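Single-structure report; data block below.
Every number in this text was worked out from the coordinates using simple rules, so none of it is lab data. Keep in mind it's a predicted model, so treat the numbers as computed, not measured. Heads up, the Cβs are rebuilt from the backbone with ideal geometry, glycines too, and the neighbour counts pull from every protein chain shown.
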Amino acid sequence: MRRQLLAATALLSAFALGAGTASAAGAPRWAETGTTYTGTLGGGQGLASRADGSLLFRGLASIPLDLRVKGWNHIGDPDIARGHVFDAYQGPDNAQSKMFAVTTPAGKRYEYVHPLDAGEKLNNSFAAVSPDGQWLVSGEWGLQNRLQVFPAPLLNPSTPATGGTLAQAGQITLDKPVRDIQGCDFVTGARLLCASNDATGTLFPQVRPLLQVDLPHEVDGRPVTGTVTSLFALPQRSACTGTFEAEGIDHDARDGTLRVQMIPPGVCAVTTAVHAYQQVTD
């Protein structure tokens, strides 16, 4: 049965490959180049590319025991900058803070805790570090009109050198609302791509869209407004029927590969699809 499910999924994927993706007018076009799979328990929450081209995955099983004991029960979509791994953690429903853990190339981990500001949701869906390594962008769940910006722990000299309290900097205000952002990653210093799990189709024409956020200049820690464009619907292909869930996203600056995760429904959810794209010009 397992072999039949995989064969059916592969057939559906092969049928869809090569067609490219329809993007908003004037926006870059991303062509799908392939699909790979990873175990959901250890890799279904997010991914990040290392300098050597290998991939780091995060899932429920990735949470270290000592952090789980402290109440950090959810890990989001990670990022890697200057060889440092940035992980986004959140706690239980009554949490009053969120946490970013930074692991150095030498394997030393430091914890940066952000006490929730007035009106801030406890969700900590992802970590995205700006190309200059100075700023960390994250986001909350539900309907939002902003992305949060923090000084990048450890890499930004304004942050404590061995962990501690992390305050927000100037946020990115979005020109239109977004819903259920699972992950974002920088393509340039002034452009992010974000994976949305919004299945309503009320904010954008696509269901579970890939969103592009353009800034007037590179992130510098001051308030800025971002322009949101929906590029295309993320793939929902599986031998199983039911509700899909968009998850992490990564842009590999080394070769320009964009990867976005999608967890299929039902019993197929044990394996997460990782869809890869390359930017093309017509």
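Just a few scattered comments:
- For the range 224-282, the residue among M262, V224, H251 whose Cα projects farthest onto the positive side of the dipole built from Cβ charges is M262.
- For the range 123-282, the Cβ-based charge dipole about the Cα centre amounts to some 220 debye (Lys, Arg positive; Asp, Glu negative; other atoms uncharged).
- Here the dipole of the chain is about 520 debye; that uses its Cα centre as origin and unit charges on the Cβ of Lys and Arg (positive) and Asp and Glu (negative).
- Over the chain, Cα pairs under 8 Å with separation of 6+ residues give a relative contact order of 19 percent.
- Cα-Cα separations in the range 153-282 greater than 27 Å, expressed as whole percent: 29 percent
- Database remark: amide H of T33 closer than 5 angstrom to the amide H of A276, Y277, Q278 (H placed geometrically; neighbours at sequence offset of 5 or more, or on other chains; Pro and chain starts carry no H).
- Answer label, with log10 I(q)/I(0) by the Debye sum over Cα atoms at q = 0.11, 0.16 Å⁻¹ calculated from the coordinates and candidates (1) -0.80, -1.23; (2) -0.59, -1.29; (3) -0.70, -1.35: (2)
- Across the range 128-245, the relative contact order, built from alpha-carbon pairs under 8 Å that are at least six residues apart, equals 22 percent.
- Note, ³J(HN,Hα) from phi for the range 49-61, Karplus 6.51, -1.76, 1.60, rounded to Hz, x at Gly and Pro: 8, 8, 5, 8, x, 6, 10, 9, 10, 10, x, 4, 6
- Taking 12 Å as the straight-line reach from the Cα of K70, the aspartates and glutamates in range (excluding those fewer than 8 positions away in the same chain) are E111.
- Local charge for V113 was computed over the other residues whose Cβ lies under 15 Å away, with Lys and Arg +1 and Asp and Glu -1, and equals -2.
- Percent antiparallel among DSSP beta bridges (both partners in the range 72-150, rounded to 5): 95 percent
- Between T165 and V280, the contour length at 0.36 nm per residue exceeds the Cα-Cα span by 37.2 nm.
- Net charge over other residues, Cβ less than 13 angstrom from the Cβ of G189 (K, R count +1; D, E count -1): -4
- Over all pairs of different C-alpha atoms, the range 241-282 has a mean inverse distance whose reciprocal, the Kirkwood radius, equals 11.5 Å.
- Using alpha-carbon coordinates, inclination of helix 2-16 to the longest axis of the chain, degrees: 90 degrees
- Average Cα contact separation per residue, the range 39-124, under 8 Å, 6 or more apart, as relative contact order %: 20 percent
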